[in-house]
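Here's the structure, in structure tokens; my notes come after.
Quick note: the coordinates plus some simple rules give every number you see, no bench work behind them. What you see is a predicted model, and the numbers here were worked out from it, not measured in a lab. Heads up, the Cβs are rebuilt from the backbone with ideal geometry, glycines too, and the neighbour counts pull from every protein chain shown.
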Amino acid sequence: MICQVCGQRHQEEREFCSRCQSKLLVISGPAGPFDEPDPGETVGMDEHLLERVSVLEEIVKRSAETLKTLLEALNRQEKNGFVVQTGVLALKDLLERKGVLVEEELLDLWESRVDVHMAATEKRERFLERRERMVAGFTGERRERFQSLLGEAEFSFYALDPEKAARTLEEAWKLDRGNAELAFFLGESAFNEGETARAATLLHHVLARDPHHFEALVYCGVMENEAGRAAKAVELLKRAIAIKPDAFLPYFALGALYATSGQLARAEVLLKKALLIEENAQTASLLGTIAYERGRLPEAIDHLQRTVRLDPTDEEALYLLGLSYLDRGWTQKAADQFRAALELNPNRIEYQAASSLLAPAGLKGLPKVRGEAAKWVKRAEAVASREPLKALELFRKALATDPDNPTLLISYALVCSAAGRMAEAVAATKRVLAKEQGEMVAAAAYTTLLEALRSEGKFREGDRIAAEMLTAVKSNYARSIACFQRATALAEMGEKLDEALSLADQALQLSPREMRHFPLAAKGWVHYKRKEFDRAVECLRRAAELGETPTGLTHLGLAHLAVGDSRAARTAFSRAKRRGSSRSARRGGLETKMLEQIRRNLHLTEKLEKGKRTRLR
């Protein structure tokens, strides 16, 4: 018996392919005697066509009836959904009038829950796609128990409890350590959750059982690169290319790997092959970055324009496109790109910079974290600036042992902000503020919340929280933070600019010397919004001299453009790029893009392969 997917030969009694785990189907039997039909019994062409038309009419009729039934069911579902939504909104309005909840908190929590449920649903779909292959690859002795555990895991996935499902699958894997498909599913899950060490162990186990496992080769190649073993990573990705030479993913991964190591010529060749296979924003962005760094501005502009067309939310591509326009002397186009980048992510924060805002002593000035939680926090803080997703996992483990520790919650919120998990950051800080705290803790929680809201572009809510903070804190340091946060929020909204300027001046008077660049930058941005560009340049330049931030330097560049000094603007934007994209940060940014693209494309690969197997059957 020959597998109709990969061509592997098997004994007749096998049910699944030993190589690709596809179900074996008998598509032809032994040849038998063939009797010539009686010429007198042949069916005429007209009668044959009439019969075919009748069959087609019946199929169309049944399809129309089925479609009508589906439309009726869809209309009923839409009506029911409208009724449920109206009831939920009515309940929200009632609770809001009674002061039980705040709309923003409800929406943030709702969004967070939706993300969690969507992630659980995606894991369930991935499991269901592979379950049949897990059963087919079983080589242990307790087959019934193995299948029972897979059933329990499926039930847990449907119950939106992926943690319990993962524990059940771990138990199933203990029954069959040689099951490559189950090991791959567990390794892929660990990879997506940031547990790279465990993912590497599981996926290398997969390759030991099946050296030609395409997805495992790609994952392992990426993780070997993260571990600093570039030669091994290149070897694995080249093996993946040899297995599927027409696949987008290994070319993209290997090209990104060469880009992170500075081998731009090699990276460019591979990424161009990837772009020919699949038009992709991440690939075009990397090619634009390489062309810019190699001094080929027209090619860089072409790739970056394609990137922005495919993904208008790519902030880095917008910023680099602005620099490219500026180098060509197109100042108005450059300013438009920089403003668009700021609107997408108005004030992106970094973990270390945000930590320094909390108090004169930073996080160290807050109450200590002790016990087992302290061990997790120490490990998380060591990687927070370069691997925020990994730090998040470590902070969650710390919170599991000490869930109400305010210092732990504030640190967790900062990392959430740096990783772009704004809903989680807001929820964590509001948990701290919901309880009676000392002024230092309250000030730190308010500051973290304001930074999260500002980086998300929620300026109106930020203005409200900053006003609330002014009434809740007494120290000059905390009040200066509330004042310049309010000034920045009002400037971004373009409202009450006179009041914003007064708040920025008040923040300058209250702020200690080492933190004066924050209110100075806020005052400069207010002047920019008031179209007082000379004053804006002066304030923003002084702020940059005291302490550079990527956002402050970008504001300074825009102010220089507004007064017509393109050379000074180019210098400011270049400093902002170097400040926000040092070599290590750029490397991390490229790896983040690579990992995200790998997650997306491996899921797509699975669906395409499944569709191919279905068509072949």
| request: Treat the count of other C-beta atoms within 10 Å as a stand-in for reagent exposure and order 330, 110, 376, 525 from fewest to most. | output: 110, 330, 376, 525
| remark: Distance in nm between residue 4 and residue 78 label points, each 7 Å along Cα→Cβ, equals 3.9 nm
| task | Tell me the GluC sites (Glu not before Pro) within the range 431-463 that lie in a loop according to DSSP and have at most 10 other beta-carbon atoms within 10 Å. | result | 436
| message | Starting from 0.36 nm per residue, how many nanometres of slack lie between residue 336 and residue 122 once their C-alpha separation is accounted for? | response | 73.3 nm
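Quick one: dipole size for the range 472-581, taken about the Cα centre, charges +1 on Lys/Arg Cβ and -1 on Asp/Glu Cβ, in debye to the nearest 20.
Dipole about the Cα centre, nearest 20: 320 debye.
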| message | Please list, ordered by chain and number, the residues whose modelled amide H lies under 5 Å from the amide H of residue 16; skip anything fewer than 5 residues away on the same chain. | response | 24
| Qualifying trypsin sites (Lys or Arg not before Pro) for the range 471-512 [loop in DSSP, other Cβ within 10 Å: at most 13] | 474
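By how many nm would the segment from residue 368 to residue 296 lengthen if fully extended, with 0.36 nm per residue of separation less the alpha-carbon distance? Working shown, then result.
Numbers: separation 72, 0.36 × 72 = 25.92 nm, distance 5.23 nm.
20.7 nm is the gain from fully extending residue 368 to residue 296.
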| task | For residue 93 and residue 70, calculate 0.36 nm times their separation in residues minus their Cα-Cα distance, and state this gained length in nm to one decimal. | result | 4.8 nm
